[in-house]
Number of protein chains: 2
Amino acid sequence: MARATIKTVAQAAGVSISSVSRALNGQTSNPDTVARVRAAAAQVGYLPSAAAQTLKTRHTGQIAFAMEDIGNPAYLAMVRAIQPLLRSAGYRLLLHSTGADVGEEIQVLESLNQHYVDGLVLCPIRVTDRHLAALAQTAVPVVVIGSLPETVDVDAVRADSRTGTRLAVEHLAAAGCRDIALVNGPADTTPGSARYAGYVDGLRSAGLPVRDELVRFTNFHIAGGLEATKDLLAGTPIDGLVGANDRIAIGAMQALREAGRVVPRDVKVVGIDDTELAATAYPPLTSVDLGAAQRGQLAAQLLLDRLAGRAAARTRVAVEPSLNIRESSR
Amino acid sequence: MARATIKTVAQAAGVSISSVSRALNGQTSNPDTVARVRAAAAQVGYLPSAAAQTLKTRHTGQIAFAMEDIGNPAYLAMVRAIQPLLRSAGYRLLLHSTGADVGEEIQVLESLNQHYVDGLVLCPIRVTDRHLAALAQTAVPVVVIGSLPETVDVDAVRADSRTGTRLAVEHLAAAGCRDIALVNGPADTTPGSARYAGYVDGLRSAGLPVRDELVRFTNFHIAGGLEATKDLLAGTPIDGLVGANDRIAIGAMQALREAGRVVPRDVKVVGIDDTELAATAYPPLTSVDLGAAQRGQLAAQLLLDRLAGRAAARTRVAVEPSLNIRESSR
DNA sequence: CGATGTCTCGGAAACGTTTCCGGGCGATGG
DNA sequence: CCATCGCCCGGAAACGTTTCCGAGACATCG
């Protein structure tokens, strides 16, 4: 049998299609008619066509979340925070994993003009001029999780990962570490450069020198942390290590174990993001909480406000970091 | 400025809207016209409206993937396998995290009749009569990852987790374990019951007795594994343990550590799913690979085939398990 | 040179909704 | 009893595409 449309319902209920639409959408109409229409709709198994509704109302009920990599537990925390908010507001969530590819991110931004979603939460790991250009002319509201130039007219919520990294270094210094290494992500990413700056801040405030031989740049994965740390250990001795990421820190702990160094006795380790990985690692990993869940929640709320027309001027929010101390640095 | 529609382009190019549609969709038309239309479209920044196209072509370009929990790395592997396949076929991926709630899963199935996606990959953890009823009358193709009664006319690809669990038990028995525990998921889930059956199979084939005091049922999370294992250790002594899940196994290893038992010297541990967690755990966890990535890939391919009209009759595929031996059982 | 065919294009219908607008009808007030 | 008002309802337009159909223009063939 063919699909039930509003016409089917109208015939079954013996009313016009306008009445069906009104009855089902809660417009003023005779309670009696409403009941008849409801019954008819249920009987023929009517469900409104998403496409037709969207075309008419210019409202899709979908919101997209674009991130670098679904496998990164930091994004997982965000998704977990965003999902229930959107759902209770009646939106479906669309996930894009862009693989940190600028082209793909731009493509997502441009395709917004096709109106297949009502809004977007974007987590760029680098922000290029092409991003800014694309952001300037999107058809639907966008909220960025990350840093953005002040001049850009887009809502954003960011973590303070510079301060967060400084906290990590200060914590290690306070625990007596003198040779504190940083295994960082790529230098040309926003988080990478912020974390390097925070590392330098931390050494300064602890009165320690900045030594290039203690710093490595790699990617944000476990394997990257493992390799970079091996390389690091082949050079100078260290007694403390900050991973720019929980994943990097876990890779680093593997490398230390393989090199026969005991964490935290020989080397104390701190990660960043405080993901699920940190608590379940061995030894449990001290980590800087950059408020991923909170950022996700704020971003979703900002977007919902804007979609509801409640939002004011451009909003910029920063979330404060906090340190979560576990075995790896005791 | 208002949004550019096909009319805008038609005016700018000095042709009719039908010609614009033909030119852009590669229908036969004068190469000269095509060029003019392309130029005009680029100039006014035209992008077709997803809703209007969907309404007309009854084709959304979206495919949904519904799972229990995005945080479970087993699903992550599936998503990672599915995403590139769909993308290169021109589909966007929509993720649903249902929280193993039957109601939500049914809702997803029913909302398929709103045609907001072209197809669905569903990973149910339990299969109820309501599932079967809803599956029977979906408007779009569905592929299930999991077990389904033979009578249901739906494509499915499943893991053989019964055999997988048997392999785990046999491996432990071969390594000299006599008191092999099972920390299982909920008994009323498909994976839970299959794994219990496989556990019994394994004990039988190793000539060991089945002892109820060695079995616990909990949820599929780390915390569940931790608690259930604590409870287990308070009872009988064990020298081997199978976690129905890598997450459970990792929780179990934590409990063992807290109880002062060394893995693998005192107790050998095996997990199931062979997720990213297994390789990065300490000690690295022996785990049964149930072919999550392969299942995802097969399911996506099956769905794409069906959407392209290439598919034959109902297809049922099973993926073979294999054991990945690491430190935790050496 | 007329008939036939090919190629390209424009008009119009259709997809399934929502919403504006006008009309019918009963109730109310003078 | 007539005019007015408010409540419901039906008709029709509109959202932005795709696609069918028919009409010209031009070349080709008998």
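Rule-based calculations on the coordinates, nothing more; no lab input. Keep in mind the model is a prediction, meaning the values are calculated, not measured. Neighbour counts run over all protein chains shown; Cβ positions are idealised from the backbone, glycine included.
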Exercise. When the Cα centres of the stretch B:167-189 and the stretch B:85-100 are compared, how far apart do they sit, in Å?
Worked result: 34
For this session: Per residue of A:246-252, count partner chain C-beta atoms within 10 Å of its C-beta, then hand back the mean as an integer.
Result: 1
Exercise. How big is the stretch A:161-289 in terms of Cα radius of gyration and Dmax, in angstroms?
Worked result: 12.5, 34
Exercise. Rounded to the nearest 5, what is the percent of antiparallel bridges among the DSSP beta bridges in the stretch A:161-289?
Worked result: 0
For this session: Please work out how many pairs of lysine residues in the protein assembly as shown are eight or more positions apart (or on different chains) and have Cα atoms closer than 26 angstrom.
Result: 7
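Of all DSSP beta bridges in the protein assembly as shown, what percent run antiparallel (nearest 5)? Mind showing how you got there, number by number?
Working: 7 of 73 bridges.
DSSP beta bridges in the protein assembly as shown are roughly 10 percent antiparallel.
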Exercise. What is the Cα coordinate range of the protein assembly as shown on the first, second and third principal axes, sorted by size from largest, in whole angstrom?
Worked result: 75, 64, 53
For this session: Decide, for the stretch A:102-145, between rounded, prolate and oblate: order the square roots of the alpha carbon gyration tensor eigenvalues as a ≥ b ≥ c, take rounded if a/c falls under 1.5, and otherwise choose prolate if a/b is larger than b/c, else oblate.
Result: prolate
Problem set entry | Inter-label distance, nm, simple model (7 Å from Cα along the C-beta direction), A:E104/B:R178 | 5.4
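Expressed as a whole percent, how much of the Cα-Cα distance distribution for chain A exceeds 26 Å?
Beyond 26 Å sits 55 percent of the P(r) for chain A.
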Exercise. Which value in Å is the Kirkwood Rh of the stretch A:6-48 over different Cα pairs?
Worked result: 9.7
For this session: Can you work out the PRE-style zone for A:S205? Point 7 Å along Cα to Cβ, and I want the residues of the stretch A:142-165 with backbone N under 15 Å.
Result: A:160-165
Seminar exercise, completed: Per residue of B:53-59, other chain Cβ atoms within 10 Å number on average 4
Problem set entry | Percent of alpha-carbon pairs separated by more than 22 Å within the stretch A:42-167 | 41
For this session: Quickly estimate the mean residue ellipticity at 222 nm for the protein assembly as shown, helices only: each DSSP H run with n ≥ 4 gives -39500 (n - 2.57), and the total goes over all residues, rounded to 500.
Result: -14000 deg cm²/dmol
Problem set entry | Simple label model, 7 Å out from Cα along Cβ direction - A:E327 to B:D188, nm | 3.6
Exercise. So, counting K/R as plus one and D/E as minus one, what does the shell of residues with Cβ under 11 Å around B:H115 add up to?
Worked result: +1
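Can you give the % of DSSP beta bridges in chain A that are antiparallel, to the nearest 5?
Taking every DSSP beta bridge with both residues in chain A, the antiparallel ones total about 10 percent.
Calculate the mean, over all residues of peptide B:113-124, of how many other protein chain Cβ atoms lie within 10 angstrom of the residue's Cβ.
Partner-chain Cβ atoms within 10 Å, mean over residues of B:113-124: 3.
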Problem set entry | Relative contact order for the stretch A:6-48, counting Cα pairs under 8 Å that sit 6 or more residues apart, in percent | 41
